[in-house]
Each structure stands twice: as structure tokens, then as C-alpha cells.
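> Pasting a structure here, questions to come.
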Amino acid sequence: MLQRKVRAYGNFAEYVPLALIFILALELMHSQNWLLWFLGSALTIARIAHAWGVITTYGPSPGRAFGFFLTWLVYIVGAAACVYYGFAGIVHN
């Protein structure tokens, strides 16, 4: 059980910083508020679901899969939004 908790924490430490950098960059680029709220909320739900899945079960679980896919959705949407707002800032200046 302790090893699963350590792994859940380690996974959090590996994946959350980049997602927070996406959110920070989008905030600094004055993106839409709903987008920031969506990314932050989705990241929170994803990491809770993933940690719950890792800690409560051994091996694959629905919580773990849901958390994984939702985290990657945050990565994909965050990266695409950073590219969009980055180019929009270049074009409008």
C-alpha cells in the first residue's frame, strides 16, 4: 500500500508541473477565463481520479485510466491553446 501511495505522488510530481506551466502561460497571454477554468478543473479531477485508481487497486483500473486520459487531454488542449494564443499575439502586434 505504501509503495502505491509513493507511486501516486511520484506520478503527480511528474505530470502536474507541465500542465501548470501551460495554465500559467495561457494566463500571461490573456486567454479566455473559461479555458483556464476548464484546464485547472480537468487537471484537478484527473489527478484525483488517477491517484485514487493507483492507491486503491493494483494494476489497471477505471480511475487510473480516466485520470491518465483526462491529464493528456489537458496537455493537448493546453499545448494547442498556447500555440494559438502565441501566434495570435504575433499577428496582432
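> Kindly establish whether GLY40 is crowded, with 17+ Cβ neighbours inside 10 Å and either small (Gly, Ala, Ser) or at positive phi (or both).
For GLY40, the condition - crowded, with 17+ Cβ neighbours inside 10 Å and either small (Gly, Ala, Ser) or at positive phi (or both) - is not met.
> If you take the residues in the range 56-68 that are among the small types (Gly, Ala, Ser) and in a helix (DSSP H, G or I), which one is surrounded by the most Cβ atoms within 10 Å (Cβ to Cβ)?
Only one residue tops the list, namely GLY67.
> If you don't mind, there's one more thing I want to ask. Which of the residues belonging to the range 26-50 are under 14 Å from ASN11 (Cα atoms), out of contact with any helix residue (DSSP H, G or I) (no Cβ under 7 Å at 6 or more places or on another chain) and among the aliphatic types (A, V, I, L, M)?
Across the range 26-50, the qualifying residue is only ILE48.
> Can I ask one more? For the range 4-28, which residues satisfy the criterion of being at pLDDT 95 or above and either closer than 19 Å to GLY86 by Cα or among the basic types (Lys, Arg) (or both)?
LEU18, ALA19, LEU20, ILE21, PHE22, ILE23, LEU24, ALA25, LEU26, GLU27, LEU28
> Using the structure shown, decide if GLY53 is part of a helix (DSSP H, G or I), farther than 20 Å from GLU14 by Cα and out of contact with any His (no Cβ under 7 Å at 6 or more places or on another chain).
Criteria not met by GLY53.
The values are calculated or read from the model by the stated rules, or taken from the named source; none is laboratory data. Bear in mind that the values here come from a model prediction, so they are computed numbers and not experimental data. Because the Cβ atoms are built from the backbone with ideal geometry, glycine has one as well, and the counts that use them run over all protein chains shown.
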